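Data block below; observations after.
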Amino acid sequence: MSALERGVRIRIRIIGGLFALAFVLIVWRAFDLQVLHGEEWRGRAERQHQKTVPMTPQRGTIFDRNGAELAVSIEVDSIYAEPVRIDDPAGAATRLAKTLGLTAKELRKKLSGDKSFVWLKRQVTPKESEQVRQLTLAGVGVVREHQRFYPNAGLAGHLLGFTGVDPKGLEGLELAYDKQILGRGGYLVMGRDAFGRGLGSSTPQIQGASRGHDLYLTVDKNLQHIVERELLAGLRAAKAKAATALMIEPATGKVLAMASYPEFNPNSISEYRPAQWRNRAICDSYEPGSTFKVVLMAAALNEGLVGPGQHFDCENGSFRVGGRTIRDHKKFADLTTTEIIKYSSNIGSAKIGKLLERETFYKYIRDFGFGGHTGIDLPGEVSGILSAPNRWFEIDLAAISFGQGISVTPLQLATAVSAIANGGYLMEPFVVDRVVDSQGALVRQVQPKVVRRVISRDVARTVTQMMVTTTEEGGTAIRARVPGYRVAGKTGTAQKVDAVTGGYSVDKRVASVIGFLPADDPKVTILVVLDEPSNGVYGGVLAAPVFARIAAQTMQYLKVAPGQSGRGDDVPPPLDRLLVSGDLGESPRIQPVEVAGSDGPVMPDFYGMTYRQVLNLMGERQLNVSFRGHGRVVEQSHRAGSAVPYNSPVWVRLAPPG
């Protein structure tokens, strides 16, 4: 073989080897890309051809203690556009303007440019969504989002709060438990080409979304409805500026109902002023007046400074303290400690306060929870105003003894009196009973928490008996009694501070009553506060009948058997006799409720109605309706058109179609 032939063969072998090596490298690289790192590169490729848009999360549901829905997330449509795919922005804007209720100029600005995605209008009505679909505009689409909805309208609105479009919680429980309720929103995924333009053939998909946790409250929807309805009637009767009511389970600190007026509907929050969003039960403070005398008496009894039958000279209604004159509403002479509570003597209270002295009284006030936060799981709670005892003059000690010169919140007073009701334990109030995840698994169970023991059980029992006398003949809270039940109560009428003069107003008052029942085995503590009534001033006249109606219906709803007989004339006078005609401004549109002895409201025909339709009608007719099942109404407690007697249970049974 010649040298030339050997050279050719060598070159052929070298070139063949190089080709073989190249082939092996190509095969290995293909194996590496498609097998060893295939998932990674496929993900990169998908991301290059996808446009992602953050979506609103689906919030968890808020239930009452019986499982009734108070706040839910429903699916609604939102309108979006891909401007890079729109050939005629001006024409598209003109066609969309009327449908979406937006200006053509505003839409034209959004549709022009090279953006790959813009929101045109979020959470639209079904009608708007359908009209957009019928327009069939290229580059304009519809996607499903979640919107917060409150099926009971304004019921417990201050307690629940509301959310924004985000939808992050902005007030109430929605804010306090936002991290737990707020789910993961996920992303709207859309196809795009190499230039970032949307692909007309791609269908948007939502990926990575998850629902938030559910809340089960201590609040009872039916009790909340009773409280709101009666509080409104009382506000109208008194022509008051505002009103607050609370119902607490004294043994545990569970809040069963919490209401404030003026109210608001969280479904249409933009129609209300921020002042109406405020939960007055925890955000407002006021001078409690004579309701504070039970705190004074509990402290003095617990210190052993006075006894139930000890006598005090009440100076015939006028007494000088620290250069000021204290007066009683009547000229009392000699009163026992029990009678000081029964008849609400300021002078007797001032003398008991002097026995306690500043430091000891201040300690008990703090121990009962005043001057600090209760710890309730709601945002915005204030601590009230309580000055240090070294700043008290003699007149300050006397004034605080009968509830002036100190500022408290309704919740503070309700928890303090609950400590008397439950035998001396101050409980931490709470509104969320448990947190459950989207699969129904328990995340957190809230247990009742004892803050401290304030007074002994014997002292609590003694103060309770004193409070019972206020609802007996001659007592200031006689209109708060409930036939068949022993009620422990205390009324209050406090002057308000004039912001201009810095002194007490001559005509502005706060009328209130607080109590619990049955006195021997308390199930609920109830507080009613009427701010600046103009149809009277006294808590025993204005607030006590509201308390009585709430208490009577609550006992019947909770199936608490009466413990004593009651006479027919024990029923407080009907509130509708005090109501006046005319526009009350902020007052909701519920009419006065019927009272015992009347034929009652007329039972509507609920058959075939949905849950929401029943809720709307029960608000108009003032019926406290209990729900059983789900679907549409197939049975109701009373015949349509018949009168519903006062305190008669009203219910409807719902069932799915078929």
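The values are calculated or read from the model by the stated rules, or taken from the named source; none is laboratory data. As the structure is a computational prediction, the values presented were derived from the model and not from experiment. Every residue, glycine among them, receives a Cβ derived from its backbone with ideal geometry; neighbour counts consider all protein chains shown. Surface accessibility is based on the protein's heavy atoms, side chains included, excluding ligands, DNA and RNA. Shrake-Rupley method; radii C 1.70, N 1.55, O 1.52, S 1.80 Å.
Of all residues in segment 631-643, those that are farther than 11 Å from P601 by Cα and open to solvent by 50 Å² or more (accessible area, probe 1.4 Å) have Cβ atoms under 6 Å from Cβ atoms of residues that are of a type in the set (G, A, S) and part of a strand (DSSP E or B), 6 or more apart or on another chain, in V634/A655.
Restricting segment 481-518 to residues that are outside any strand (DSSP E or B), among the hydrophobic types (A, V, I, L, M, F, W, C) and at pLDDT below 95 leaves a set whose member that is farthest from the chain's Cα centre (by Cα) is V500. The single condition among (1) open to solvent by 70 Å² or more (accessible area, probe 1.4 Å); (2) at pLDDT 85 or above; (3) not small (G, A, S) that D114 does not meet is (2). Number of residues in segment 368-401 that are β-branched (V, I, T), open to solvent by 30 Å² or more (accessible area, probe 1.4 Å) and in a loop (DSSP other than H, G, I, E, B): the value is 1. In the set V634, V644, only one residue is modelled with pLDDT of 50 or more and in contact with an Asp or Glu (Cβ under 9 Å, 6 or more places away or on another chain); that residue is V644. Restricting attention to segment 354-385, the residues that are in contact with a Phe, Trp or Tyr (Cβ under 9 Å, 6 or more places away or on another chain) and closer than 21 Å to Q465 by Cβ total 1. Among the numbered conditions (1) open to solvent by 30 Å² or more (accessible area, probe 1.4 Å); (2) β-branched (V, I, T); (3) modelled with pLDDT of 95 or more, the only one that I269 does not meet is (3).
Just checking, how many residues over segment 461-510 are among the charged types (D, E, K, R) and open to solvent by less than 40 Å² (accessible area, probe 1.4 Å)? Walk me through how you get there before you give the answer.
Going through segment 461-510, the residues among the charged types (D, E, K, R) turn out to be 461, 472-473, 479, 481, 486, 490, 496, 498, 507-509.
Within this subset, residues satisfying the condition of being open to solvent by less than 40 Å² (accessible area, probe 1.4 Å) are 490.
Total satisfying the criteria: 1.
Whenever a residue of segment 286-312 is in contact (Cβ under 8 Å) with a residue 24 or more places away in the chain, its partners that are part of a helix (DSSP H, G or I) and among the charged types (D, E, K, R), lying with C-beta atoms within less than 8 angstrom and at least six residues away or across chains, give the pairs F312/K351. Of all residues in segment 303-342, those satisfying the criterion of being surrounded by 12 or more Cβ atoms within 10 Å (Cβ to Cβ), touching a Gly at 6+ places or on another chain (Cβ under 7 Å) and not polar (S, T, N, Q) are F312, C314, R327, D328, F332, L335, I340, K342.
Does F292 satisfy being among the hydrophobic types (A, V, I, L, M, F, W, C) and open to solvent by 10 Å² or more (accessible area, probe 1.4 Å)? Even if it seems obvious, please write down each step before you answer.
Numbers: among the hydrophobic types (A, V, I, L, M, F, W, C): yes; open to solvent by 10 Å² or more (accessible area, probe 1.4 Å): no.
Against the criterion (among the hydrophobic types (A, V, I, L, M, F, W, C) and open to solvent by 10 Å² or more (accessible area, probe 1.4 Å)), F292 does not qualify.
Looking at segment 79-111, which of its residues are in contact (Cβ under 8 Å) with a residue 24 or more places away in the chain and surrounded by fewer than 15 Cβ atoms within 10 Å (Cβ to Cβ)? Reasoning before the result, please.
At the first step, the residues of segment 79-111 found to be in contact (Cβ under 8 Å) with a residue 24 or more places away in the chain are 79-87, 92, 95-96, 99-101, 110-111.
Scanning segment 79-111 gives D87, G101.
Tell me, yes or no, whether segment 575-597 has at least one residue that is open to solvent by less than 20 Å² (accessible area, probe 1.4 Å), at pLDDT 50 or above and touching an Asp or Glu at 6+ places or on another chain (Cβ under 9 Å). The answer is no, given that none of the residues of segment 575-597 is open to solvent by less than 20 Å² (accessible area, probe 1.4 Å), at pLDDT 50 or above and touching an Asp or Glu at 6+ places or on another chain (Cβ under 9 Å). Being in contact with a Lys or Arg (Cβ under 8 Å, 6 or more places away or on another chain), among the aromatic types (F, W, Y) and touching a residue at least 12 places away in the same chain (Cβ under 8 Å) is not true of Y362.
A search for C-beta distances below 6 Å between a residue of segment 617-628 that is open to solvent by 40 Å² or more (accessible area, probe 1.4 Å) and any residue that is of a type outside the set (A, V, I, L, M, F, W, C) and modelled with pLDDT of 75 or more, counting only pairs 6+ apart in sequence or on different chains, returns R621/P604; R628/R653. There is at least one residue in segment 435-452 that is in contact with an Asp or Glu (Cβ under 7 Å, 6 or more places away or on another chain), of a type outside the set (D, E, K, R), open to solvent by 50 Å² or more (accessible area, probe 1.4 Å) and over 20 Å from T525 (Cα atoms).
Among the conditions (1) open to solvent by less than 40 Å² (accessible area, probe 1.4 Å); (2) in a strand (DSSP E or B), the only one that E128 does not satisfy is (2). For segment 415-425, a residue qualifies if it is open to solvent by less than 10 Å² (accessible area, probe 1.4 Å) and touching a helix residue (DSSP H, G or I) at 6+ places or on another chain (Cβ under 8 Å), and the qualifying residues are A416, V417, A419, I420, G423, G424. Close contacts from segment 55-78, counting a first residue that is free of Cβ contacts under 8 Å to residues at least 12 places away in the same chain and more than 17 Å from A156 (Cβ to Cβ) and a second that is of a type in the set (K, R) and open to solvent by 30 Å² or more (accessible area, probe 1.4 Å), with Cβ to Cβ under 6 Å and a gap of 6+ residues or different chains, come to none at all.
Of all residue pairs spaced 6 or more apart or on separate chains, those with beta-carbon atoms under 7 Å, a first member in segment 460-486 that is in contact (Cβ under 8 Å) with a residue 40 or more places away in the chain and a second member that is of a type in the set (F, W, Y) and open to solvent by less than 20 Å² (accessible area, probe 1.4 Å) are A480/F547.
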